[in-house]
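Let me begin by presenting the structure, written as structure tokens, before commenting on it.
Where a number appears in this text, it was derived from the coordinates with a stated rule and is not lab data. None of the values given here were measured: they were computed from a predicted structure. Positions of Cβ are backbone-derived with ideal geometry, glycine not excepted, and every protein chain shown enters the neighbour counts.
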């Protein structure tokens with residue numbers, strides 16, 4: 001991931017230095033388990049724990065010669081040991097360490113994403129409560145429909161994040177596992193108890209069944225879940241982009257005093273954060289298909305997945321952490337232009353009362369079919385739109401009094417009806 005979009009927390013997790021530090025921890029913890037199983041003596045384990053250390057220049061030199069990073073790593077560890085070096089990587093295969101450590105890195109990254117989602121949800125809930133009673137014109141196909149609650153938009157996104165968090169929890173349960181099974185996954189040369197001891201130490205579960213590698217359906221599901229989470233964040237960004245358009249002007253990104261919107265047009269205020277979020281969400285989604293391809297390995301293993309995973313997981317976690325944090329910041333500084341919302345409602349010339357009028361005519365005129373009532377109301381709406389006149393006035397000019405009294409017609413024109421069940425929805429969402 002380029003420096004522009006990295007986050008400090010994710011950098012600590014996915015750095016090269018941290019990966020090798022965790023590889024070292026893994027080797028020592030496996031030796032600890034072998035000691036508990038009376039395979040390694042206390043004296044040998046003490047020497048291993050005291051004398052193994054990272055020497056990355058040496059490892060790089062060894063890898064150039066050996067063309068195998070794990071063999072280079074184990075030989076680097078053995079460089080400071082004597083006869084006790086025989087216990088390093090005892091009974092293991094490379095991916096026992098590589099997959100277990102990567103899953104642990106994923107676990108640490110998941111904890112950060114979980115915190116991001118909680119913070120984002122809190123901001124959405126605050127906005128939902130604040131603007132629950134604020135009317136805004138609803139749009140279907142981008143066209144004026146009926147008024148709704150602005151707060152309901154934020155409640156909708158909050159509710160969707162609830163489902164994403166539930167999916168994320170399941171994905172975490174499936175990916176956060178330790179695998180120490182040996183060359184083809186059958187524990188031929190390492191006791192299953194080693195996995196159990198190390199997994200307990202790392203606060204992870206034990207892989208239920210594996211080959212030489214952790215099966216990549218787990219990783220594919222995780223990537224799909226992270227992409228799905230990104231799509232929800234992108235959905236919010238898209239609506240803010242649409243709402244910031246000059247002719248709408250209802251929701252706008254905050255704009256600091258020294259901020260510049262264009263190199264050539266000083267008047268510009270662009271939704272750059274929302275566009276930035278959408279671009280990175282596209283990147284996250286692009287990795288999902290690679291994740292599914294990685295599940296198709298030859299027999300007990302190959303390494304066709306290995307090269308791309310070194311890129312995919314750091315990139316996805318950096319990107320998702322970045323856009324989640326940026327969206328929370330965007331919402332914290334969101335400019336809500338209630339005046340523009342009210343003006344856009346007025347601009348509709350009461351056309352959005354067409355359904356209340358239609359239902360009132362149907363209810364009060366049993367001799368009419370629904371189709372006859374609909375055609376009458378539609379004709380009036382088209383005239384009102386074409387002539388840019390108030391819908392209620394055009395209704396009266398076209399003989400609505402044949403179907404509704406003035407009192408019945410006036411009862412249709414009540415904006416509170418569009419908020420009448422918002423409390424019901426909020427009670428379901430926020431419980």
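Annotations
- From the alpha carbon centroid of the stretch 233-291 to that of the stretch 174-194 is 46 Å.
- Each residue in 15, 420 was given a count of other beta-carbon atoms within 10 angstrom of its own, and listing them fewest first yields 420, 15.
- Tilt relative to the chain, helix 42-51 - C-alpha long axis, 0 to 90 degrees, to 10: 60
- Spread of Cα-to-Cα distances over 10 Å intervals beginning at zero, given as percent, for the stretch 201-296: 14, 29, 23, 16, 12, 6, 0
- Once C-alpha pairs closer than 8 Å and six or more residues apart are averaged by separation and normalised to the residue number of the chain, the relative contact order reads 17 percent.
- Contact order normalised by residue count of the stretch 104-217, Cα under 8 Å, 6+ apart, percent: 21
- 0 to 90° range, to nearest 10: angle between helix 56-66 axis and the chain longest Cα axis: 80
- Whole-angstrom gap from the stretch 110-127 to the stretch 359-415, using each part's C-alpha centre: 46
- Among 239-251, 49-61, sorting by the average number of other beta carbon atoms lying within 10 angstrom of each residue, highest first, gives 239-251, 49-61.
- Simple label model, 7 Å out from Cα along Cβ direction - residue 401 to residue 416, nm: 2.8
- Sorted peptide list for 157-164, 185-192, 261-268, criterion being average Cβ within 10 angstrom, highest first: 157-164, 185-192, 261-268
- By average C-beta atoms within 10 angstrom, highest first, the peptides 299-311, 81-93: 81-93, 299-311
- Along principal axes, Cα extents of the stretch 349-424, largest first, whole Å: 36, 32, 22
- As computed over the stretch 42-161, the Cα convex hull volume per residue (Å³): 208
- With a Förster radius of 45 Å applied to the beta-carbon distance between residue 282 and residue 363, the computed FRET efficiency rounds to 0.40.
- At 0.692 mPa s and 37 °C, Stokes diffusion of the stretch 8-87 via Kirkwood alpha-carbon radius, µm² per second: 245
- Take every Cα pair under 8 Å whose residues are at least 6 apart in sequence, average their separation, divide by the length of the stretch 349-424, and the relative contact order is 40 percent.
- Share of pairwise Cα separations in the chain, more than 39 Å, in percent: 43
- With a simple spin-label model that places each label point 7 Å from the Cα along the Cα-to-Cβ direction, the separation between residue 304 and residue 51 comes to 4.4 nm.
- By the count of neighbouring beta-carbon atoms within 10 Å, fewest first, 298, 23 end up ordered 298, 23.
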